[in-house]
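S.K.: Before I ask anything, here is the structure I am working with.
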Amino acid sequence: TKQPKPLLIRRAGQLVTLKGSSERPLIKGQMRELGIVENGSVWIEDGKIIMADTDEAVLNRFGDRLSEATVIEANGRLVTPGLVDPHTHLVFVGSREDEFEMRLNGATYMEIMAAGGGIHRTTRATQAAGEEELYRESYKRLDQFLKHGVTTIEAKSGYGLTVEHELKQLRVASQLNKDHPVDIVSTFMGAHAVPLEYRDNPDEFVRIVIEEMLPAVAETGLAEFNDVFCEKGVFTPEQSERILEAGKRYGLKPKIHADEIEPYQGAEVAARVGAVSADHLLRVSDEGIRQMADKGVVGVLLPGTAFFLMAEFANARKMIDAGVPVALSTDRNPGSSPTESLPLIMNLGCLKMGMTPAEVLAAATINAAHAISRGHEIGSLEPGKQADVVIWDAPNYAYLQYHFGVNLVDTVIKRGQVVVKGGQRV
Ligand SMILES: O=C(O)CC1=NCN=C1
Ligand SMILES: [Zn+2]
């Protein structure tokens, strides 16, 4: 078949390459080394980055083929790798703005959940929904992600809580991965909540997750990771560890929702099981931080949830300085973080978690890629990487965090194809 024409993105004011970060996530001062090339250009062929360097160097090598290439002028604007969101609950139906209003009238997230709302409510709606409705509602959220510069996301199940409905969610995510430009990496999260009917016997539900759900999911190959909501009133550290160790036996890499609402040793569980990431960490202990840094567990921070639940923010500064590789995510879900704007999450990283504009960019690209085991394919602009690129209506990377609350995405390129132009889907 005829290969598509080469694509040349020319003359970026700042080309953020993040080169040299494919082997392992960035820690400490490395998170501030963005590999910026002034007046940079990118040569793309067959959906891959061939060269990302100064305009002069790229033209020296490819100038004789300029006439056969499609040229996009960056005209001095900022060019970065496509953003990566390593933690979403993408596949669900419905919304919970009434619970949002209840919380603003004094109710708490856990009170609402204990009364049968929250996750249980979205679970009932998702169990009742067909695959077409789940697909259609999730497709719209993927368009929002793409318009905000996000080119790869992780998507969890966890609103099914039965074998049948968990597999339904994972099938929808798999089909969306085929049909939509945004790449999707899937996580099984049967251990998202203890269904109300097992509230008096949670260990029976843990047994169902381990003995019935995990083998069924593993057999389909529809999930790469296994995640658990380790939280007071949900799954204990002991139950979480059993579920994650069982997932490893089926080849599913562990992730964990850790220390989100109460300090609960979730980070310590992550270090013990060798989790790829521990997520939330608003209440993580110093010992948990030390163990995560020691084991290279990526700390995925979700300031959208802290913002939306009016809770305290994770101490990113402390984790970065302690050597934990930090990533950022929207935690897109209908209850605690209903947003697809990873750029807004980056603003919160700066304004509420003590991160610098360079660190939040590393956290929403290469470190997020490592949090979903994709550090070799995406998250930086280097030869051989997938050609996922964003041209921003901004002169430099600091401007992204300075001009907040609006969408500054101009063009998104996914595997070498223009999929957003002038901020609109094409
Ligand atoms: O509230 C939800 O639907 C999702 C959630 N899981 C753990 N925290 C929030
Ligand atoms: Zn979550």
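The values are calculated or read from the model by the stated rules, or taken from the named source; none is laboratory data. What you see is a predicted model, and the numbers here were worked out from it, not measured in a lab. As a convention, Cβ positions derive from the backbone with ideal geometry for all residues, glycine included, and neighbour counts pool all protein chains shown. All accessible areas refer to the heavy atoms of the entire protein, side chains included, with ligands and DNA or RNA removed. Shrake-Rupley method; radii C 1.70, N 1.55, O 1.52, S 1.80 Å.
S.K.: Within the group I256, I243, I320, which residue is in contact with a strand residue (DSSP E or B) (Cβ under 6 Å, 6 or more places away or on another chain), under 24 Å from G29 (Cβ atoms) and open to solvent by less than 10 Å² (accessible area, probe 1.4 Å)?
M.R.: I320
S.K.: Please work out which one of (1) free of Cβ contacts under 8 Å to residues at least 40 places away in the same chain; (2) part of a helix (DSSP H, G or I); (3) not β-branched (V, I, T) is the condition Q169 fails and give its number.
M.R.: Failing condition for Q169: (1).
S.K.: What pairs come up if the first residue lies in segment 327-339 and is in contact (Cβ under 8 Å) with a residue 40 or more places away in the chain, the second is assigned to a loop (DSSP other than H, G, I, E, B) and of a type in the set (F, W, Y), and their beta carbons are under 7 Å apart, counting only those six or more places apart or on different chains?
M.R.: Every condition considered, the pairs that remain are P334/F92.
S.K.: Is it true that H165 is farther than 24 Å from A216 by Cα and away from ligand 1 (no atom under 13 Å from the Cβ)?
M.R.: no
S.K.: Now, a different point. May I ask you to list the residues in segment 1-21 that are crowded, with 19+ Cβ neighbours inside 10 Å, touching a strand residue (DSSP E or B) at 6+ places or on another chain (Cβ under 7 Å) and either of a type in the set (A, V, I, L, M) or not in a strand (DSSP E or B) (or both)?
M.R.: L7, L8, I9, A12, L15, V16, T17, L18
S.K.: Also, quick follow-up: Inspect segment 181-190 for any residue being at negative phi, assigned to a loop (DSSP other than H, G, I, E, B), within 16 Å of ligand 2 (Cβ to nearest atom) and open to solvent by less than 10 Å² (accessible area, probe 1.4 Å) and give the result as yes or no.
M.R.: Among the residues of segment 181-190, not one is at negative phi, assigned to a loop (DSSP other than H, G, I, E, B), within 16 Å of ligand 2 (Cβ to nearest atom) and open to solvent by less than 10 Å² (accessible area, probe 1.4 Å), which makes the answer no.
S.K.: Which condition from (1) of a type outside the set (K, R); (2) farther than 23 Å from S138 by Cβ; (3) out of contact with any Cys (no Cβ under 8 Å at 6 or more places or on another chain); (4) not in a loop (DSSP other than H, G, I, E, B) is the one that F404 breaks?
M.R.: F404 satisfies every listed condition except (4).
S.K.: For V91, which of the numbered conditions (1) within 16 Å of ligand 2 (Cβ to nearest atom); (2) in contact with a Ser or Thr (Cβ under 9 Å, 6 or more places away or on another chain); (3) part of a helix (DSSP H, G or I) fails to hold?
M.R.: (3)
S.K.: Consider segment 333-346. How many of its residues are surrounded by 19 or more Cβ atoms within 10 Å (Cβ to Cβ), within 16 Å of ligand 1 (Cβ to nearest atom) and not polar (S, T, N, Q)?
M.R.: 4
S.K.: OK, next. Among A218, A193, which is the only one that is surrounded by fewer than 21 Cβ atoms within 10 Å (Cβ to Cβ) and in contact (Cβ under 8 Å) with a residue 24 or more places away in the chain?
M.R.: Result: A218 is the single residue among A218, A193 that is surrounded by fewer than 21 Cβ atoms within 10 Å (Cβ to Cβ) and in contact (Cβ under 8 Å) with a residue 24 or more places away in the chain.
S.K.: Another question about this same structure. Going through segment 208-267 one residue at a time, which ones are in a loop (DSSP other than H, G, I, E, B) and aliphatic (A, V, I, L, M)? Working first, answer last.
M.R.: In the first step, residues of segment 208-267 are kept if they are in a loop (DSSP other than H, G, I, E, B); the result is 221-224, 231-234, 236, 250-252, 259-265.
Selection gives L222, A223, V234, L252, I261.
S.K.: If I filter segment 22-69 down to residues being closer than 29 Å to V298 by Cα and of a type in the set (S, T, N, Q), which single residue comes out as least open to solvent (accessible area, probe 1.4 Å)?
M.R.: Once the filter is applied, the top-ranked residue is S22.
S.K.: Another one. Here is a check on your reading of the model: is S174 without any contact (Cβ under 8 Å) to a residue 60 or more places away in the chain and buried (at least 23 other Cβ atoms within 10 Å of the Cβ)?
M.R.: For S174, the condition - without any contact (Cβ under 8 Å) to a residue 60 or more places away in the chain and buried (at least 23 other Cβ atoms within 10 Å of the Cβ) - is not met.
S.K.: Oh, and also: Could you tell me how many of the residues in segment 94-142 are within 16 Å of ligand 2 (Cβ to nearest atom) and among the aromatic types (F, W, Y)?
M.R.: 1
S.K.: Go over the candidates E111, E99 one by one and state the one that is out of contact with any Asp or Glu (no Cβ under 9 Å at 6 or more places or on another chain), part of a helix (DSSP H, G or I), open to solvent by 60 Å² or more (accessible area, probe 1.4 Å) and not basic (K, R). Spell out the reasoning first.
M.R.: On the way: E99 fails: open to solvent by 60 Å² or more (accessible area, probe 1.4 Å).
Testing whether each residue is out of contact with any Asp or Glu (no Cβ under 9 Å at 6 or more places or on another chain), part of a helix (DSSP H, G or I), open to solvent by 60 Å² or more (accessible area, probe 1.4 Å) and not basic (K, R) leaves just E111.
S.K.: Also: May I ask you to list the residues in segment 101-144 that are polar (S, T, N, Q), away from ligand 1 (no atom under 16 Å from the Cβ) and under 25 Å from Q424 (Cα atoms)?
M.R.: Q144 - this is the single residue of segment 101-144 that is polar (S, T, N, Q), away from ligand 1 (no atom under 16 Å from the Cβ) and under 25 Å from Q424 (Cα atoms).
S.K.: I need the full set of residues from segment 39-62 which are touching a residue at least 40 places away in the same chain (Cβ under 8 Å) and more than 27 Å from the chain's Cα centre (by Cα), in order please. Can you show your working first?
M.R.: First, the residues of segment 39-62 that are touching a residue at least 40 places away in the same chain (Cβ under 8 Å): 42, 44-52, 55, 58, 62.
Correct list: D55, V58, F62.
S.K.: Can you tell me which of G375, G349 is more than 12 Å from V300 (Cα to Cα), open to solvent by less than 10 Å² (accessible area, probe 1.4 Å) and in contact (Cβ under 8 Å) with a residue 12 or more places away in the chain?
M.R.: G375
S.K.: Tally up the residues in segment 411-426 that are surrounded by 20 or more Cβ atoms within 10 Å (Cβ to Cβ) and either of a type outside the set (V, I, T) or more than 21 Å from the chain's Cα centre (by Cα) (or both), please.
M.R.: 2
S.K.: Then there is this: Could you say which residue among N407, N396 is closer than 25 Å to W43 by Cβ and surrounded by fewer than 23 Cβ atoms within 10 Å (Cβ to Cβ)?
M.R.: So the residue among N407, N396 that is closer than 25 Å to W43 by Cβ and surrounded by fewer than 23 Cβ atoms within 10 Å (Cβ to Cβ) is N396.
S.K.: What residue, among those in segment 129-140 that are of a type in the set (G, A, S) and in contact (Cβ under 8 Å) with a residue 12 or more places away in the chain, is farthest from D331 (Cα to Cα)?
M.R.: Among residues in segment 129-140 that are of a type in the set (G, A, S) and in contact (Cβ under 8 Å) with a residue 12 or more places away in the chain, the one farthest from D331 (Cα to Cα) is A129.
S.K.: Also, I was wondering about something else. Output yes when any residue across segment 275-290 is touching a helix residue (DSSP H, G or I) at 6+ places or on another chain (Cβ under 9 Å), at pLDDT 95 or above, closer than 28 Å to D200 by Cβ and away from ligand 1 (no atom under 16 Å from the Cβ), and no when none is.
M.R.: no
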